1. Rg to Rh for the protein assembly as shown: what is it, with Cα atoms only and Rh by Kirkwood?
2. For peptide A:49-58, compute the average count of partner chain beta-carbon atoms within 10 Å of each residue's beta-carbon.
3. Estimate the FRET efficiency between B:Ser115 and A:Arg100 by the formula 1/(1 + (r/R0)^6), using the beta-carbon distance for r and 35 Å for R0, to the nearest 0.05.
4. Between B:Ala107 and B:Met86, what length comes free when the chain is fully extended (0.36 nm per residue of separation minus the Cα-Cα distance, one decimal in nm)?
5. Volume per residue, Å³, of the convex hull around the alpha-carbon atoms of the stretch A:83-149?
6. Please report, to one decimal in angstroms, the Kirkwood hydrodynamic radius of the stretch B:33-82 built from all distinct Cα-Cα pairs.
7. With charges only on Cβ, +1 for K and R and -1 for D and E, what is the dipole size of chain B about its Cα centre, in debye, rounded to 20?
8. Taking R0 as 30 Å, what's the FRET efficiency between B:Arg50 and A:Lys147 from their Cβ-Cβ distance, rounded to 0.05?
Number of protein chains: 2
Amino acid sequence: MYTSNSPNAILCACTTVKKLARVLGRAYDDALAGTGINITQFAVMRCIVRRTGEPLSRVAEELEMDRTSLYRAIAPMIRDGWIEVMPGTDARSRAAKLTRKGSGLLAKAAVRWDSIQGGLIGCFGKDAWKVLAGELSRLADCAEAEKAK
Amino acid sequence: MYTSNSPNAILCACTTVKKLARVLGRAYDDALAGTGINITQFAVMRCIVRRTGEPLSRVAEELEMDRTSLYRAIAPMIRDGWIEVMPGTDARSRAAKLTRKGSGLLAKAAVRWDSIQGGLIGCFGKDAWKVLAGELSRLADCAEAEKAK
DNA sequence: ACCATAATGATGTGTATACATCAAATTCGC
DNA sequence: GCGAATTTGATGTATACACATCATTATGGT
């Protein structure tokens, strides 16, 4: 049952994707180095922008993060004044928005993001990336279908 | 520069892959639930099996983990008696091997792994998975090429 | 109107991941 | 043979991520 070193052997789908996530994580963090923000924070902040006013649990859902992990993840962003949290749509929930400082930081980081994303997708192929993104989404659907069994 | 909710908007490659990693991570951990081991530990142990006798830094390399992260990651596995660490090929390095307990655990977990991996790849398509794995590898190569610039 | 169920966030706990720094050992070029 | 560079692991520090549990609030069925 053990996979061999051969690339044609059975590759664990999860481990394969996690490995790639680490490689990409380091590459993108490298690109963002010096800005003060990392790629996960970048993604969280962009999602908060898209969903300003919505409960934080919606942000967690979109990012496929456990909601309690998101609440912890935003703590340093609140501490550093990048985002602020306000009451949500009811007494239970909270929503977040970027502060002026956070918006400035995001804009600055976006320049670096544009650069690495453009270089990466340029190398990989724009159409190939579109196809790959679709296949990744399909794999996620299969994982969720398996989970529901 | 902000992505819209449209699936055709510019998707961050890193964020997209990390999201999928979380979805797959939860699905595989769910499948392994009750065995006492999670999918990252499963992957580490399988790599240790493949590389028994080699320095731990080789294991970290293959898994694309920072070597210091791997040293920390194996600490609970040593504590729980799944692996043991012995001197490596020189005075600097250490190697690891599975204990009898660890081998038993890995075998037990492998049954669950077979099940979810089989179901997932069955749904996704065996040939499609092969193609996807190749494209993921190509994306990693592009990321490393970008990093080297 | 009431109660069970669900949603939301806080907290506990534990593992995952990475960069930075340092010390010891090995390798390699001269 | 020597010294610079590299390799390897330990440690510090900080963020990432998930499941479990609990309390509060909202929703929905009767």
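No lab work stands behind these numbers, since they all come straight from the coordinates. Since the structure is predicted, the reported quantities are computational estimates derived from the model, not experimental observations. Don't worry about glycine lacking a Cβ; one is built from the backbone with ideal geometry, like all the others, and counts go over all protein chains shown.
1. 0.98
2. Counting Cβ atoms of other protein chains within 10 Å of each residue's Cβ and averaging gives 1.
3. 0.10
4. 5.3 nm
5. 135 Å³
6. Evaluated over the stretch B:33-82, this radius sits at 11.1 Å.
7. For this selection, approximately 340 debye.
8. On the way: r = 28 Å, r/R0 = 0.94.
After rounding, the FRET efficiency stands at 0.60.
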